[in-house]
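Following: one structure in structure tokens, then a few remarks.
The values are calculated or read from the model by the stated rules, or taken from the named source; none is laboratory data. Computed from a predicted model, the values in this text were never measured in an experiment. Note that we place each Cβ from the backbone using ideal geometry, even for glycine, and neighbour counts take in every protein chain shown. The accessibility values were calculated without ligands, DNA or RNA, using every heavy atom of the protein model including side chains. Shrake-Rupley method; radii C 1.70, N 1.55, O 1.52, S 1.80 Å.
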Amino acid sequence: MDFKTVVAGAPGSVAAVAADALLVIVASVEAAAALDQPLADEFARALRDGDIDSKPGQVLYAHRVAGVKAARVAYAFAGAATARAFRKALAAGLGAIKAGGTKSLAVAAAGFGALDASHGEAVAMVAAEATYLYRQTKPSAPAPARLKSVAVVCAAKAEATAVSEGLRVGEALAEGTTLAREWANRPGNHCTPTHLATLALGMAKSHGLKVEVLERKDCEKLGMGSFLAVAQGSDEPLKFIVMRWMGGAKADAPVVLVGKGITFDTGGISLKPAAEMDEMKFDMGGAASVLGTMAAVARLKAKVNLVGIVAATENMPSGRAVKPGDVVTSMSGQTIEILNTDAEGRLILCDALTYAERFKPAVVVDIATLTGACVIALGHHRSGLFSSDDALAAELQAAGDTAFDPAWRMPLDDEYDEALKSHFADMGNVGSRAGGAVTAAMFLKRFTSKLRWAHLDIAGTAWKSGAAKGATGRPVPLLTHFVLGRAR
């Protein structure tokens, strides 16, 4: 999709903008009255006749408004002049327009003051989300939206410059988020560890990344006994994928992102119930978010060093599969009693965290659809954020707020560690059900003594169930803003 700005500062200029459709985001009734007269009059008539009211999210669609060049006009009422209200109204307005014949769209705002980069970013992100359609294994899917270009109407050149920068960042975020959504949506037989490795190698060419893929024998040499234990029950070969974007100075310590890449999770010998097991194709949401963030950062040519690590395997039951009670030795040398084979994400992440030490990173963030307990604690709005480093936690939380991809900090009190005690190994891989998201994070913390580390549990935010079933692409926006905040 093509994004641009249009400067229309003179009276009547918004109504004269050439596009198939004009979407006006209205902050208040008073702001609508200040629009170009044809637009203001149409809104006033609709308000008087009860076709629209002043409730946030209300949308009015009008065809062939006299005095307006665009054939289609939509008003989306925001109800406030905040960035969040703008974004929500924009999504509602695009929903009313995308299904029609619109190829070119102009977006104008009333009552928001001077637009800035955040508005441009929102336009690019919301347009991409509104027009995304999964088609990989569904040839009968509806035809994609015809929308090809979006222009943001600005009142002055300085405003257009700021919005253009936001559009540039938003396009990169949209690319990364869409990539994460697409690959998480693909069924387990269309998204194996080998598929992910092939994708990463393709990104080496398309995005200028350095990519290395470690095979089973490489992981055996490194002593990744915990990762190997999870993978041993599957006929699909494991892949340990390392991606690098070296946009910063050579001496700059990199940011390292570590993604859980369980491309399908049956639970292993601790088999999951059949109901909704199909959704376990989403268990590589952490890996998808790392791939998406690498794509976004590389597209922006950010002046930062970034390493993405994806530990990819299936978790399957078989005669070779790891059993409850088995003890394995992790790459760190610590031993683990595997009490529940369905707590496998932490078993692959712990070896990936140890591997990350070799990069001497500035910070390490792991991302995983790790625990159902986090969904119970936080629902589907905020990801769980765990870190003993207050500054790092605040940095990540601020990035999430800026990106409208929020997280909530959870505790890591030492007392929670007691639940991981084992009679037969240095630790068990699970504790009791109580505080399950916290004990999972405490398990990972045992492998981070040499790192500035944070953990994002995205089990409640990486995908949606029900009528809107599908991947969200989160937390690519959070991670990308976090990485960009560390660029020179």
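A few notes on this one:
- Out-of-range pairs (alpha-carbon distance over 32 Å; input Lys88/Lys210; Lys103/Lys281; Lys260/Lys450): Lys88/Lys210; Lys103/Lys281
- Principal semi-axes in Å for the stretch 1-67 [√(5λ), Cα gyration tensor, largest first]: 21, 14, 12
- Burial order of peptide ranges 439-446, 159-166, 78-85, 63-70 (average beta-carbon count within 10 Å, highest first): 439-446, 159-166, 78-85, 63-70
- For the chain, the longest principal axis of the C-alpha atoms and the axis of helix 83-97 are separated by about 70°.
- In the stretch 242-348, the trypsin sites (Lys or Arg not before Pro) that fall in loop regions by DSSP, at most 10 other Cβ within 10 Å: Lys250
- Euclidean distance between Cα centres, the stretch 329-402 to the stretch 175-209, Å: 21 Å
- Counting only Cβ charges, +1 for Lys and Arg and -1 for Asp and Glu, the dipole size of the stretch 406-482 around its Cα centre is about 420 debye.
- Approximate shape of the stretch 92-140 as ellipsoid semi-axes (Cα gyration tensor, √5λ), whole Å, largest first: 27, 13, 8
- Residue-averaged 222 nm ellipticity for the chain, from DSSP H runs of 4+ at -39500 (n - 2.57), nearest 500: -11000 deg cm²/dmol
- Approximate shape of the stretch 336-488 as ellipsoid semi-axes (Cα gyration tensor, √5λ), whole Å, largest first: 24, 20, 13
- For the stretch 103-191, the share of accessible area belonging to carbon and sulfur comes to 56 percent (1.4 Å probe, ligands and nucleic acids excluded).
- Of all DSSP beta bridges in the stretch 1-79, antiparallel share, percent nearest 5: 45 percent
- Listed residue (Gly113, Ala172, Ala99) projecting farthest to the positive dipole end of the stretch 62-216, Cβ model: Ala99
- Environment charge of Arg48, counting only residues whose C-beta is closer than 14 Å and scoring Lys/Arg +1, Asp/Glu -1: -4
- Degrees between helix 285-299 axis and first principal axis of the chain (Cα, 0 to 90, nearest 10): 60 degrees
- The dipole here belongs to the stretch 1-57: it is taken about the Cα centre, uses +1 on the Cβ of Lys and Arg and -1 on the Cβ of Asp and Glu, and is about 120 debye.
- In the frame of its principal axes, the stretch 210-269 has Cα extents of 46, 23, 16 Å, reported largest first.
- For the chain, the spread of Cα positions along the three principal axes, ordered from largest to smallest, is 78, 50, 42 Å.
- Heavy atoms of the protein chains alone define the surface here; on that basis the chain has 40 Å² accessible area per residue at 1.4 Å probe size.
- Relative packing of 375-381, 432-438, 118-124, which averages over residues the other C-beta atoms within 10 Å, highest first: 118-124, 432-438, 375-381
- Here the chain is assigned +1 on the Cβ of each Lys and Arg and -1 on the Cβ of each Asp and Glu. Its dipole about the Cα centre then comes out at about 1300 debye.
- Protection proxy ranking, peptides 92-105, 128-141, 467-480, average beta carbon neighbours within 10 Å, highest first: 467-480, 92-105, 128-141
- Reduced Cα scattering model of the stretch 131-206, Debye log10 I(q)/I(0), q = 0.13, 0.18, 0.20, 0.26 Å⁻¹: -0.60, -0.92, -1.02, -1.25
- Positive-pole candidate from Pro317, Leu291, Leu306, dipole of the stretch 273-318, charges at beta carbon: Leu306
- On Cα atoms only, tilt of 117-131 relative to the major axis of the chain in degrees: 80 degrees
- Positive-end residue of Met277, Cys219, Thr263, charge dipole of the stretch 211-354 with Cβ unit charges: Cys219
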